[in-house]
1. Which value, in debye to the nearest 20, gives the size of the charge dipole of the chain about its Cα centre, when Lys and Arg are +1 and Asp and Glu are -1 at the Cβ?
2. Using Cα centres only, tell me the gap between the stretch 4-81 and the stretch 120-194 in whole Å.
3. How big is Rg to Rh over the chain, alpha-carbon atoms, Rh as the Kirkwood inverse-mean-distance radius?
4. Using a Gaussian network model of the chain whose springs link C-alpha atoms within less than 10 Å, name the residue from Glu237, Glu70, Glu87 with the highest mean-square fluctuation.
5. Treat the count of other C-beta atoms within 10 Å as a stand-in for reagent exposure and order Trp280, Trp26 from fewest to most.
6. I need the calculated FRET efficiency for the pair Ile112 and Ala51, taking r as the beta carbon distance and R₀ as 22 Å, to the nearest 0.05.
7. Under the classification rounded if a/c is under 1.5, otherwise prolate if a/b is larger than b/c and oblate if not, where does the stretch 175-304 fall, given a ≥ b ≥ c as square roots of the Cα gyration tensor eigenvalues?
8. Sorted from fewest to most neighbouring beta carbons within 10 Å, what does the list Thr148, Thr210 look like?
Amino acid sequence: MRAAQQPLMLRSFFLSLSQNRDLRRWMEHSRLAKRLTRRFIAGNTLREAIAVCDRLNTEGILTTLDHLGESVTDPSEANQAREHCMEALRAIASRSLQSTISIKLTQMGLDIDEKLCFENARQLVAYASEIGSRVEFDMESSAYTDRTLAIVEKLHNEYGCVRAVIQAYLFRSEADIEKLNRELLPVRICKGAYVEPPDVAFEKKSDVDTNYLKLAHALLEDGASPGIATHDERMVEVAKPFPKDSFEYQMLYGIRRDLQRKLVREGYRVRVYVPYGDAWYPYFMRRLAERPANVLFLVRNFFKN
Ligand SMILES: Cc1cc2nc3c(=O)[nH]c(=O)nc-3n(C[C@H](O)[C@H](O)[C@H](O)COP(=O)(O)OP(=O)(O)OC[C@H]3O[C@@H](n4cnc5c(N)ncnc54)[C@H](O)[C@@H]3O)c2cc1C
């Protein structure tokens, strides 16, 4: 096996573990696992997540709250997920937090009934618009791209206050960005975190990076309030020549905190994605897949603390 293949194999390994239901059940109920994951998950409750947002806002960092969860299979679970997100919006309003929320449409019932999913998302966007916040629609695997964009576009036309996510690893993304730019629909650009077949996505990291730079540039030139979501300093540099109030950087809670603070000191807008809740396992596994060295990092910190 060539050395260059090792990170790819580890990535696939962690992504396949993210689908393992038994391990998920065990991890999400384990106190030990909770301690291990504290670095990347703000807490199990909204209260813990709000405390994190308060602290970040005080440091001049904007936030987006993500009540963890995806792929629900029952309408009552989808409605419950909507209520959790509504509670987060109410907390944002009552504490005047500089925060949006991020949601996944499979959490709102996309796999069960598209009408139910749309209505759940609509209620959240309507309330976000009332309180001057925003709903950011995370992008899941390519099986959901068309349906997700259709819902986001409809809500954009009705309310504004949404942001779509486009993944640089997909071949289709350039055309999607051209369309969303024409509609002045805000976009978060990220590299992409799911396993995709080779007929829809670039396989080589260098190709994904090249496409990211190209798409970020298109958003910065012609888009509306883009979110440049990355921890990669080469990708961060592409936005620096553009006016500081025309875009924001977005990063994940617990990752490259040094870079987050440096950018704020330099006068850039930075938003941190703050995940919380009991259903943290798939999110956590995707973070390990991106950087398998995190396993060593977490274990070392665990023993240090
Ligand atoms: C705010 C935000 C929202 C996102 N939303 C989505 C979404 O909706 N859909 C989706 O598919 N993906 C989403 N992602 C994930 C994204 O697609 C990438 O998988 C992830 O950001 C890693 O890519 P990178 O740009 O940081 O670059 P990489 O090339 O992966 O990493 C560059 C450098 O960043 C640091 N780094 C990156 N990841 C980690 C990590 N897990 N732990 C520690 N250090 C790390 C390391 O120093 C690494 O060398 C989101 C990412 C962010 C920041």
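1. Numbers: 45 positive and 42 negative charges, 315 e Å.
Computed charge dipole of the chain: roughly 1520 debye.
2. Cα centroid of the stretch 4-81 versus Cα centroid of the stretch 120-194: 21 Å apart.
3. On the way: Rg = 18.4 Å, Rh = 19.7 Å.
Using only Cα positions, Rg/Rh for the chain is 0.93.
4. Of Glu237, Glu70, Glu87, the Gaussian network model singles out Glu237 as fluctuating most.
5. On the way: Trp280 24, Trp26 12.
Ranked by crowding around the Cβ, least crowded first: Trp26, Trp280.
6. Working: r = 33 Å, r/R0 = 1.51.
That pair, Ile112 with Ala51, gives E of 0.10.
7. On the way: a/c = 1.92, a/b = 1.33, b/c = 1.45.
Oblate shape, in that a/c is at least 1.5 and b/c is the bigger or equal ratio.
8. Details: Thr148 22, Thr210 13.
By the 10 Å Cβ count, ascending: Thr210, Thr148.
Coordinate-derived values only; no laboratory data. Computed from a prediction, not measured in an experiment: that's the story for all the values here. Reconstructed Cβ throughout: ideal geometry from the backbone, glycine too, with neighbour counts over all protein chains shown.
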